[in-house]
1. What does the highest-first list of B:183-196, A:329-342, A:528-541, B:47-60 look like by mean Cβ count within 10 Å?
2. Counting DSSP beta bridges in the stretch A:131-238, what percent are antiparallel, to the nearest 5?
3. Just to verify a number: FRET efficiency for B:Leu46 and B:Ser102, C-beta to C-beta distance, R0 = 25 Å, to 0.05?
4. In this model, which of A:Lys178/B:Lys58; A:Lys311/B:Lys58; A:Lys313/A:Lys528; A:Lys15/B:Lys216; A:Lys42/A:Lys529; A:Lys349/A:Lys529 are farther than 27 Å apart at the alpha-carbon?
5. Distance from the Cα centre of the stretch A:358-382 to that of the stretch B:1-69, in angstrom?
6. What is the list of residues in the stretch B:114-130 whose amide nitrogen lies under 13 Å from a point 7 angstrom out from the Cα of B:Leu62, following Cα to Cβ?
7. For a quick check: with amide H placed at 1.01 Å from N, whose amide H comes under 5 Å from A:Val34's, ignoring anything fewer than 5 positions away on the same chain?
8. Rounded if a/c is under 1.5, else prolate if a/b is larger than b/c, else oblate: which is the stretch A:120-271, with a ≥ b ≥ c the root eigenvalues of its Cα gyration tensor?
Amino acid sequence: MIRFDNYSCRYESGKEPLLHTLNLQINPGEFVFVTGPSGGGKSTLCFSINGLIPNEMEGSLYEGSVTVDGINVQQTFPYDLVSVVGTVLQDPEWQLVRGTVKEELTFALENMGVPVEEIDRRLAQVAEQVQIKPLLLRSSLELSGGQKQRVAIAACLMMQPKVIVLDEPTAELDPMGKEMVMETICELHREWGYTVVFVDHNLDVTLPHASRVIVVANGRIIADAPPSRLFDQQAVRKLLPMPQVVHLSRQLGVRSPDGGDPLTVAELEEELARRLGTRAPLAGTNNEQLIRDEPARSGKPIIELKQVRFKYKKHDTDLTIKPVDLRIMQGEFTAIIGHNGAGKSTLCKLITGLLKPSSGEVLIHGKQANSYQAEQRVRHVGFVFQNPDFQFVRRTVYDEVAYGLHIQRLKAEEIDVRVRQVTKLLNIDNYLNEHPHFLSRGERRRVAIASILALEPEVIILDEPTTGLDSLRCQEMMSYIRKLWQKGHTIILLTHDMRVVADYVPRTIVMSGGQIQWDAPTRDIFAKKEELHRHQITLPPVVELSYALGWSVPSLTSEEFIAHMDREEGVIETAAEGVLR
Amino acid sequence: MQLYYPSNSIIHYMHGFSKILIFGILLTLIPLFMEQPISLLLLLFLCAALFSYIRPPKTHLLLLIPVGLLAVMMSTTYFFADMGGQVYLHMDFGYWMFQISSGNILFAVTFILRMMIWSLLFFILLFTTSPEDLVIGLKRFGLPEFLTLAVSLALRYWSLMIFDVKTVMDAQYCRGVDFRSGGLLTRTKRFASLLIPVLFVFLKRFRTTSFALTLKGVGRKNKRTYYYNPRLSAIDSWAISSAALLTAAWLTLQWLYKL
C-alpha cells in the first residue's frame, strides 16, 4: 500500500537530512505505530506519505520516491491525494476549518466537486461508522477534544481514503479523549480494514493495538518489529523507556507463550497466574510493609482556600467552582487530577489571581490574595502554562528568563546570577543565546519553567508539564520537577498522566464537577478504583495489575510491584517447601 | 462566544443574501443621507425595535456597552475642532484647542446616532445569520471563492483568537506584568509586549490550518459543489422589495426636503 524507495528528504537550508535514505513497505490493512523521540522524523515520515513534503513545506528537498496505492506522492499535489491518504493532525481545534460538524464533513467533498447525492450517501455511512450522528449539527466550538479528533477522523473517511495517517492525534487530549480516539481508530482498522499509520509517544496506550511498530530517531528507522518483540532490540531499549506492562514482565521474567512480551494488564495477569501455578494468588496480601513512607504534611499552610465559589458569568446558575476548602502546606508536592472541565485550571487561576472568587477567601501566607500586587504575588505563586509559546516575549533564552526579574527592577548582577542558576538547574544553560521559540517542545517547557523559577516563587503550579513529550523527555521533565521540590519549592501539578502521579506525587486532589471529591495521599486515592472510574480517571497499568491480582493495597510504581511479587513468591516457595517437608 | 444564535424570528428565516443586502447595504446607506438628529433618532428607534424583535440573549445585549462607549469616545474628537455654530466654551492649549459649540454638539450627536444605528444593523445581521448562511449570502454577491473562504475562516476562528490573546495576557500576568496598573506609556509598552507571543502562537496555528485546508482539497481546479445552497424565498423577495422601497422613498424625501 505504501512504499518508500531510497527516499530521503531535507530542508534546503539544513545540513542534516530530516530523513536519511530509507526503504519501507507498509501492507494493506496494517496498523503501523510510528514512535520515537521528539524531533526524530516521525512527522516528516507522515508528511512524506500525504504529500505535504515537498509540496507544502517550502524549501524541502527529496530524493527517491514514496508511492501510495501506486501513486507517486511527490509528483502529486496533496489536494489531489485526499481520496487516497486521509490525515488527522495533532491540534484538535485548528484543523477543523468549518463552523459545524456537518459542514466539516462535507467540505472536502464539496471542494472535490462530488455530487450532492453522493455526499449525502457518504455522510450517512461515515456518521454510522464513527458514531457521530448526534454531533452533526453542533458547532465545532462546543465539542470536547476527543470529539473534535473524532470529527477530524470522520472528515478523512468522507473522502474514502485507503490509508489514514494520524500525527499524534491524542497528544493534547485528556484520558477520556485519548480512549475515544483509540477506540475509533481500532474499530476502523478491525471492522473496516483501513491501513493506519499512527504516530504517538504513548506506548502504554497504543502498543497493544498496533500490528507493527516502527521506531524513528535522528531521521532513521531504528526498529521495525511486532509490538511484543520491540524491546528485544537493544537499540530500542536504549532509546525508549518501556511501557509499564513490558517493564514489569521483563523484571519478573514473564513472557507470552509465543516468546514475546505481554502488552496488556490482562495478558500479564494471565501469565503471572500461570507462573504461580494453580494456587490462587495471595488475595488481600498486605502491601503496606513495602510501601515507602509518604512525607508527612508539615510546616505552615502557604495557600488556603476558604469556602471559595466561582462562576464565569454573573447570570450563570451553575457554579464552576462549588464551595471549596483547601490547604496547601509549605514544601508539599500535590497533583490535581480530574477530567476536562472538572475545574482544575479554574481552581489554579483562582490561586494565582487570574480569576477572582465570587465568594469566599483565597489566602497566601494568611493574607488575602488580592491584597498582593501582581509583581508581589509572583514571588509567592508562579504558574507555568501548558503551552510555553504563550509566555515567550524575548529573543533569547537569557532575556526570556531575565524578563520577569527586570519587571521586578532587580540589579543586573542579581539578575545574571539568578538566570544562570535556574538555567543550569534545568539544563538549558547551553541555549542562553538561542531564540526560545526555535527550541524543541521539552526545552521550551523548561525555559518556561525557568522564567517562572527565576522569580523564586514559593509555590510553582505546572499545567500539564509532560503533555506531548516522549517518554524519555517526560521522565527528564519529572526529575527536574522533583529536583525543584527537593530544593524546597511547593509544587502543584495539574495533569492527566496517572503514571506521573503514581510515580512522583505524594498527595493527590481529585476534582469533579467543580468540587474536590477527594484529597488524600496518592496511594489512598488509587485505592478508590471504582470511584475513580466513575469520575473518568484511568488507573496506571501497575495499579490495575495490583487489583487484578487481588491486592488490597495497590503498588504505585513498578519497583514496588516487583518487591511485592518477590516477597509473595518467597512466601509461596516457603509454603511449598513446608508441604514437601 | 458565537454571535449567531438560532431562533424563530422572520429575520432568522431570511436568506443570508437578503440580510446582507438589507441590513448591510440598504439600511446602512440611509443614515449617510440623514442630516437632522430627529430623523436619525427615528431610524435608531426603528432599528432598536427590530433588534428587540430578534430577542438577543443577555450576553449578546452586553455587546452594546463597548460599542456605545466607543461611539461616545470617538464623538468627543469633534470637540477638538471648530465645527461652527454658537460657541459656549473655548479653551486654547497652544497647538490644541477644546471647544463646545452648537456645531460641535450637533456633529457629535449625529455621529453617535449613526454609529449606534450601524451597530444595531450589523448586530441584527450577525446575530440572526449562521456563518454558513453569511458565506452563502456573500457568494451570491459574486465574491470569489478565496474571499468567502477567508470570511468563513475569520468567523470560525475569531473567538479562538481572542481566547489565545487572553491566555497570553494571563501568562504575562503570572510573570508580574500587570495590565491594570501603571501609566499610559507603561501600559502601552506592556500591551505591545504581547505582540510577539501572540504572533508566534498564531503563526503556528495558521500553519496547522493551512495544512488542513490543503488536505481538504482547497485549491483544486475542478468546479466546486455547494452541498448547502438555500434558495431565496417569498419572505426574501418581500423583505428586499420593502427595504429598497424604503431607501428610495427616503432618498427622494431627503432630496426634496433636506430632512
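1. Numbers: B:183-196: 12.4, A:329-342: 21.1, A:528-541: 17.3, B:47-60: 14.6.
Ranked by mean Cβ neighbours within 10 Å, highest first: A:329-342, A:528-541, B:47-60, B:183-196.
2. 50 percent
3. Working: r = 27 Å, r/R0 = 1.07.
My answer for the efficiency is 0.40.
4. On the way: A:Lys178/B:Lys58 36 Å; A:Lys311/B:Lys58 16 Å; A:Lys313/A:Lys528 34 Å; A:Lys15/B:Lys216 32 Å; A:Lys42/A:Lys529 36 Å; A:Lys349/A:Lys529 29 Å.
As for pairs spanning more than 27 Å Cα to Cα, those are A:Lys178/B:Lys58; A:Lys313/A:Lys528; A:Lys15/B:Lys216; A:Lys42/A:Lys529; A:Lys349/A:Lys529.
5. Result: 44 Å between the Cα centres.
6. Within reach of a label on B:Leu62: no residues.
7. Long-range HN contacts for A:Val34: A:Phe198, A:Val199, A:Asp200, A:Ile214.
8. Values: a/c = 2.20, a/b = 2.03, b/c = 1.09.
Prolate is the answer for the stretch A:120-271, as a/c is 1.5 or above and a/b outweighs b/c.
Each value in this text was obtained by applying a stated rule to the coordinates, not by laboratory testing. Fair warning: this is a prediction, and the values are worked out from it, not measured in the lab. Virtual Cβ from ideal backbone geometry, glycine too; neighbours counted across all protein chains shown.
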